[in-house]
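Worksheet for the structure shown next.
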Amino acid sequence: MVTSALSGAGGGATAAVTTWQGWDAFVQQPQRAVLPADDPSWLQADREDYHCELAVMRTPSMDSVFTSVRRLLLLNRHQRAGARRGLIISGPATTGKTTAMMALGRSFQLSDRRRHPDHGERRPVLFTSVPPAATPKMLVSEFARFLGMPLADRLNQTQITNAVCDLLCELGTQLVLVDDVHLLDTRRRVGAETSDQLKYLAERIPATFVYSAIDIEASSLLHGVRGAQLAGRFKIFHHRPLPYATTQDKAVWDALVSGMEQLLRLRAHRPGSLLKHAAYLHTRTAGRIGSLSHLIREAALIALAEGTEAITKQLLGEVELDAAAEALSRPARTAQRTGGAPVAQ
């Protein structure tokens, strides 16, 4: 089953989701009113904005992430610091790891609000990202930035860490989401120290930690003594590109394409046109959800700008995707044109 995971995900774009204001705006963003494509009150600019923000569809992989984290939250409810368990969402780029994590945080926060309607000061979720070349102080400062804590230059790493941990405990934070942990290179001293800082935060804050990373197994994070500690506390969920081999694989992919097609508001687009090209779309995107979203949204915007109001296979072929998707899809397309067997993805 594929359902809408992020509706109006682009809302609150002026504030980064790595701040509480931006994150809360993302969580609370109401669903955009969707008018019929030929409604005269829907201006061209409005339809362009709408297609820029097409909802990302929720897939069985995302459902598995949700289930895993719900179980961890129950498991961790009364656990002491060293015994709490976490999850690492690992996979290639543009497979939807960050999208899955954001959808998870949004769902959890909305659920928390329903359980605690009178506690407006709660911060049930923290979402942040590891900055490039992060130091321990830079990392904990990102936590502080999310919370809107003023940081004086004179504060040292320990003072910021204590203030952040105390405040998160006071605010009832239960889910901490950290993106891009693969940027921590523990083979270098600063990366190792920053990894230790992240471990320390997980011990001080009574919350379930979820990380996302590009191919965590290939990074240095799981190697050595530090890596053994991380591997002993975190499960790894492999968020791979969607396959297109079995009947079940095709049903999942086709449902994803069909769901996105139903969101289109193009006046000349024939329903089912994209679904007819589901296999081609899989080849073009190598089964990567982020690349598929990019392809369909850009094609829709071109169709609006040029006045054709329809997405065709020719138009899809004119859209240049990210370098990773193009490199992966090129051998398969070449094999198809020459009559050979497509390269397995």
Against the definition (under 24 Å from the mean Cα position of the chain (by Cα), crowded, with 17+ Cβ neighbours inside 10 Å and more than 30 Å from Arg187 (Cβ to Cβ)), how does Leu222 come out, yes or no? no
Go through Pro150, Pro92 for me and flag whichever is at pLDDT below 95 and touching a Pro at 6+ places or on another chain (Cβ under 7 Å). Pro92
If His282 satisfies all but one of (1) surrounded by fewer than 18 Cβ atoms within 10 Å (Cβ to Cβ); (2) farther than 30 Å from Phe209 by Cβ, what's the number of the condition it fails? (1)
Out of Asp254, Asp249, sole residue that is under 21 Å from Ala324 (Cβ atoms), out of contact with any Ser or Thr (no Cβ under 6 Å at 6 or more places or on another chain) and part of a helix (DSSP H, G or I): Asp249
Using the structure shown, decide if Ser111 is out of contact with any helix residue (DSSP H, G or I) (no Cβ under 8 Å at 6 or more places or on another chain) and free of Cβ contacts under 8 Å to residues at least 12 places away in the same chain. yes
Among Trp42, Trp20, the single one that is surrounded by 14 or more Cβ atoms within 10 Å (Cβ to Cβ), over 19 Å from the mean Cα position of the chain (by Cα) and among the aromatic types (Phe, Trp, Tyr) is Trp42
Restricting attention to the range 64-82, does a residue exist that is within 13 Å of the chain's Cα centre (by Cα) and at pLDDT 90 or above? yes
Scan (1) surrounded by 18 or more Cβ atoms within 10 Å (Cβ to Cβ); (2) without any contact (Cβ under 8 Å) to a residue 24 or more places away in the chain for the single condition Ile302 breaks and write down its number. (1)
Flag if Ala192 is of a type outside the set (D, E, K, R) and under 14 Å from Thr19 (Cα atoms): no
Mind checking whether some residue in the range 203-211 is in contact (Cβ under 8 Å) with a residue 60 or more places away in the chain, within 30 Å of Thr67 (Cβ to Cβ) and among the β-branched types (Val, Ile, Thr)? yes
Scan the range 46-60 for residues that are part of a strand (DSSP E or B) and among the aromatic types (Phe, Trp, Tyr) and report the count. 0
Which residue out of Ala218, Ala245, Ala163 is of a type outside the set (Ser, Thr, Tyr) and farther than 30 Å from Leu295 by Cα? Ala163
Report, by residue number, each residue of the range 74-105 that is farther than 16 Å from Ser129 by Cα and outside any loop (DSSP other than H, G, I, E, B). Leu74, Leu75, Asn76, Ala81, Gly82, Ala83, Gly86, Gly91
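Residues checked against (1) among the hydrophobic types (A, V, I, L, M, F, W, C); (2) surrounded by fewer than 21 Cβ atoms within 10 Å (Cβ to Cβ); (3) at positive phi:
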{"site": "Leu87", "(1), (2), (3)": "yes, no, no"}
{"site": "Lys97", "(1), (2), (3)": "no, no, no"}
{"site": "Pro131", "(1), (2), (3)": "no, yes, no"}
{"site": "Glu142", "(1), (2), (3)": "no, yes, no"}
{"site": "Phe146", "(1), (2), (3)": "yes, no, no"}
{"site": "Asp153", "(1), (2), (3)": "no, yes, no"}
{"site": "Ser195", "(1), (2), (3)": "no, no, no"}
Members of the range 203-219 that are among the hydrophobic types (A, V, I, L, M, F, W, C), under 16 Å from Arg85 (Cα atoms) and either more than 24 Å from the chain's Cα centre (by Cα) or buried (at least 23 other Cβ atoms within 10 Å of the Cβ) (or both): Ala207, Phe209, Val210
Scope the range 52-63; condition more than 14 Å from the chain's Cα centre (by Cα) and either surrounded by fewer than 20 Cβ atoms within 10 Å (Cβ to Cβ) or free of Cβ contacts under 8 Å to residues at least 40 places away in the same chain (or both); matching residues: Cys52, Glu53, Pro60
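The values are calculated or read from the model by the stated rules, or taken from the named source; none is laboratory data. Computed from a predicted structure; not experimentally measured. Cβ coordinates were reconstructed from backbone atoms using ideal geometry, including for glycine residues, and neighbour counts include every protein chain displayed.
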